[in-house]
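A short worksheet on the structure shown next.
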Amino acid sequence: MLTDIKDLATKLAPRLIEIRRHLHSHPELSGQEYQTAAFVAGVLSSSGLHVQEGVGKTGVVGELHGTGENHRILAIRTDMDALPIQERTGLDFTSRASGIMHACGHDVHTTVGLGTAMILSQLTEQLPGKVRFLFQPAEEIAQGASWMVQDGAMSDVAAILGIHVFPSIPGGSVGLRYGALTAAADDLEIIIIGESGHGARPHEAVDAIWIASQVITTLQQAISRTQNPLRPVVLSIGQINGGRAPNVIADKVELKGTVRSLHPETRANLPAWIENIVANVCDSYGAKYQVNYRQGVPSVQNDYVLTQLLQSAAEEAWGCERVQVLPEPSLGAEDFSVYLDYAPGSMFRLGVGFKEKAINYPLHHPLFEVDENAIITGVVTMAYAASKFWSM
Ligand code: NI
């Protein structure tokens, strides 16, 4: 099977690079992936898959029926959306959409999904069950996975595999991780209400700006003293609004931020922990407060057995030297975790860094580039892991 997959991948390579460049030059924002979805549906249909469009708003589902009798469905998820970034790479196939760029490699993910479908569609007599390809919209706003799930994309799915490019891993290599891969990402809003007054007479007012600064400082210090250092919590306030004039004491400050964590129990305790600190600081100085904590996507927790499946597929295909078991998770977020409420899954990192370049720009950077040789690595790894799924 591996030889068949590698031969087909080699033949398909020029077409896959063409597909990736087409997608790269026509990026679409989250929830607006109309052309991308139509393109994906076209490729899947011409490969003989059963295609359903408009799943999860602008998502596409393609199902490939193997000739075997196994009823366990394997899902393969790739995401399709781009970011509101003005590309500056100057590549021949640079974005033609002003202010929109595939700066997170979702063009590569979509291509890997399509390539895997194209290859496995030629090997159906060797497939014991069904593979369901989920082409998801709106990953960057962490909503697409929920939309797909609401439209039944995960019904009867036994397991799910995913992929994300990673520029700090060299092109042609694969990164895997057992357990936590990404963090839970929650939204935090704190409103502090004081009492306005003259800037010259602070004792007659309640200074919401000073109290807000105490809240921020106390939260950051309290993380280091009251959270288990082996269970990371990152709290970043990215927005602060308050005050009307230099000589008027502000009566209201709004703080907005993101809260990242890896352990479900730690996460569950965070809203009360934050509220308690805000309450203590505000009470000390006579301010009122409101804390709004909204849970976003959970942490991606890779399943042990499915990660083993990916590891053995990648090692057989490329040799151990091109497979890294990653020692650390990322505190980035990924809505692949939403699917994991419905079936176990594992997501691998596809190295796309250029070995010869001194700088590989990070994801979400206007100069982010991809070593396109990695596309074949991704396609073969995914297709081969899929083919081994029913025998594991
Ligand atoms: Ni991404």
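Does Val338 fit the bill of being part of a helix (DSSP H, G or I), over 29 Å from Ala9 (Cα atoms), touching a helix residue (DSSP H, G or I) at 6+ places or on another chain (Cβ under 6 Å) and assigned by TED's automatic domain parsing to the domain that holds Gly172? Considered against the rule, which asks whether it is part of a helix (DSSP H, G or I), over 29 Å from Ala9 (Cα atoms), touching a helix residue (DSSP H, G or I) at 6+ places or on another chain (Cβ under 6 Å) and assigned by TED's automatic domain parsing to the domain that holds Gly172, Val338 comes out as yes. Among residues of region 113-165 being polar (S, T, N, Q) and open to solvent by 10 Å² or more (accessible area, probe 1.4 Å), the one that is nearest to Met1 (Cα to Cα) is Gln126. Restricting attention to region 112-149, the residues that are within 16 Å of the ligand (Cβ to nearest atom), closer than 22 Å to Ala374 by Cβ and in a helix (DSSP H, G or I) total 2. Summed over region 333-361, residues that are of a type in the set (Asp, Glu) and more than 12 Å from the chain's Cα centre (by Cα) total 2. In region 186-208, the residue that is nearest to the ligand (Cβ to nearest atom) out of those that are outside any loop (DSSP other than H, G, I, E, B) and buried (at least 23 other Cβ atoms within 10 Å of the Cβ) is Ile190.
For region 341-389, how many residues are open to solvent by 40 Å² or more (accessible area, probe 1.4 Å) and touching a His at 6+ places or on another chain (Cβ under 9 Å)? Going through region 341-389 one residue at a time, the tally reaches 1.
Take the conditions touching a residue at least 60 places away in the same chain (Cβ under 8 Å) and either touching a strand residue (DSSP E or B) at 6+ places or on another chain (Cβ under 6 Å) or within 16 Å of the ligand (Cβ to nearest atom) (or both) and apply them to Thr377. Does it pass? So Thr377 does not fit the description; no. Do we find that Ile5 is of a type outside the set (Gly, Ala, Ser) and open to solvent by less than 30 Å² (accessible area, probe 1.4 Å) in this structure? Considered against the rule, which asks whether it is of a type outside the set (Gly, Ala, Ser) and open to solvent by less than 30 Å² (accessible area, probe 1.4 Å), Ile5 comes out as yes.
Take Ser168 and tell me if it is in a loop (DSSP other than H, G, I, E, B), open to solvent by 10 Å² or more (accessible area, probe 1.4 Å) and in the same structural domain as Val379 (by TED's automatic domain parsing). So Ser168 does not fit the description; no.
Being touching a Pro at 6+ places or on another chain (Cβ under 8 Å) and farther than 26 Å from Gly353 by Cα narrows it down to one residue among Gly56, Gly42; which is it? Talk me through it step by step, then tell me what you get.
Working: Gly42 fails: touching a Pro at 6+ places or on another chain (Cβ under 8 Å).
After applying the criteria, what remains is Gly56.
Condition check: more than 16 Å from the ligand (Cβ to nearest atom) and assigned to a helix (DSSP H, G or I). Does Leu91 satisfy that? It is false that Leu91 is more than 16 Å from the ligand (Cβ to nearest atom) and assigned to a helix (DSSP H, G or I). Looking at region 317-329, can you tell me whether even one residue there is open to solvent by less than 10 Å² (accessible area, probe 1.4 Å) and in a loop (DSSP other than H, G, I, E, B)? Within region 317-329, none of the residues are open to solvent by less than 10 Å² (accessible area, probe 1.4 Å) and in a loop (DSSP other than H, G, I, E, B).
The residues listed here are Leu83, Leu44, Leu74, Leu64; of these, the one that is open to solvent by less than 30 Å² (accessible area, probe 1.4 Å), assigned by TED's automatic domain parsing to the domain that holds Leu310 and within 16 Å of the ligand (Cβ to nearest atom) is Leu83. Across region 266-293, what is the total count of residues that are open to solvent by 80 Å² or more (accessible area, probe 1.4 Å) and either in the same structural domain as Asp341 (by TED's automatic domain parsing) or under 30 Å from Leu326 (Cα atoms) (or both)? The number of residues fulfilling the criteria is 1.
The values are calculated or read from the model by the stated rules, or taken from the named source; none is laboratory data. All values reported here derive from a predicted model rather than from experimental measurement. Glycine also receives a Cβ, built like all others from the backbone with ideal geometry; neighbour counts cover every protein chain displayed. Surface accessibility is based on the protein's heavy atoms, side chains included, excluding ligands, DNA and RNA. Shrake-Rupley method; radii C 1.70, N 1.55, O 1.52, S 1.80 Å.
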